[in-house]
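Structure record follows, encoded as structure tokens.
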Amino acid sequence: MTVPILDPVGNPLAGPHDNPALTRPRPTLSRLFGAFFMIGLTGFGGVLPWTRRMLVDRRRWLTDREFAEMLPLAQLLPGPNVSNIATILGRQYRGAPGAVVAVGGLYLAPTIFTIGLGYAYARWGQAPVTAHLLAGLMPVATGLVIATVAKLIASLSRDLRNAALVLATFVAIGILKLPLLLVLAVLGPFGTWLMWRAIRAGVATRREE
């Protein structure tokens with residue numbers, strides 16, 4: 001039995017065949033562990049781009065839109081964004097064991113590498129070759145983040161409200177240097193209210209038709 005997706009006023013928005021989340025297969029615990037283990041293992045230069053690539057492009061557990069909607073929630077919660085995504089997705093598919101397995105897979109490889117690199121940096125960190133290596137990695141990491149941001153923007157609906165919220169967030173944080181929590185506390189609820197009004201207006205229009 002499937003549960004219909006309802007809008008804020010209680011009307012069904014889509015049937016089971018219209019919503020891919022209701023028909024896609026649920027990943028097993030081993031697949032959850034394997035996916036997030038590979039994210040942690042290959043996530044050099046920032047894990048977020050690799051997370052999107054694994055969950056959206058490779059495993060297809062999320063659509064572009066679903067990933068873009070999950071990311072703000074992960075950013076609002078305390079802790080690293082990607083570990084929050086692992087917790088949410090693991091809990092969604094396999095309950096509490098899924099959340100534990102996904103987060104454990106995410107951090108297993110980085111923990112081992114970080115301990116090893118810590119010892120290596122303590123010994124060779126002051127060498128000129130180390131400084132050149134780190135300086136060369138910075139542009140690559142920046143490019144990965146920019147590419148991910150571009151894909152997230154492309155997944156947004158072509159809507160004036162979305163454009164205004166993106167611009168307002170960029171100005172508040174990038175130009176005015178306002179605290180992140182303050183910006184999220186103001187623009188987050190405001191954006192939710194705007195989208196809620198848009199859904200209600202759409203429902204009212206369909207009823208009139």
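The values are calculated or read from the model by the stated rules, or taken from the named source; none is laboratory data. Here the structure is a predicted model, which is why all the values come from computation and not from measurement. FYI the Cβ positions are ideal-geometry reconstructions off the backbone, even for glycines, and counts take in every protein chain you see.
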>> With part of a helix (DSSP H, G or I), within 18 Å of the chain's Cα centre (by Cα) and modelled with pLDDT of 95 or more as the only criterion, which of 33, 67 stands out?
In response: 33
> Of the numbered conditions (1) in a helix (DSSP H, G or I); (2) modelled with pLDDT of 85 or more, residue 178 satisfies every one except a single condition; which is it?
Replying inline: (1)
> Restricting segment 38-59 to residues that are modelled with pLDDT under 90 and outside any helix (DSSP H, G or I), which is nearest to residue 154 (Cα to Cα)?
Replying inline: 46
> Is there a residue in segment 89-101 that is closer than 18 Å to residue 150 by Cα, modelled with pLDDT of 90 or more and among the polar types (S, T, N, Q)?
Replying inline: no
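Test residue 62 against the criterion of being part of a loop (DSSP other than H, G, I, E, B) and either surrounded by 16 or more Cβ atoms within 10 Å (Cβ to Cβ) or in contact with an Asp or Glu (Cβ under 7 Å, 6 or more places away or on another chain) (or both), and give yes or no.
Details: part of a loop (DSSP other than H, G, I, E, B): yes; either surrounded by 16 or more Cβ atoms within 10 Å (Cβ to Cβ) or in contact with an Asp or Glu (Cβ under 7 Å, 6 or more places away or on another chain) (or both): yes.
Answer is yes for this residue.
Hey, among 187, 160, which residue is surrounded by 13 or more Cβ atoms within 10 Å (Cβ to Cβ) and under 20 Å from residue 68 (Cβ atoms)? Walk me through it before giving the result.
On the way: 160 fails: surrounded by 13 or more Cβ atoms within 10 Å (Cβ to Cβ).
None of the other options fit; the residue is 187.
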> What number of residues in segment 74-110 are touching a residue at least 40 places away in the same chain (Cβ under 8 Å) and not β-branched (Val, Ile, Thr)?
Replying inline: 17
>> Of everything in segment 148-164, what is assigned to a helix (DSSP H, G or I) and more than 18 Å from the chain's Cα centre (by Cα)? Give them in sequence order.
In response: 160, 161, 163, 164
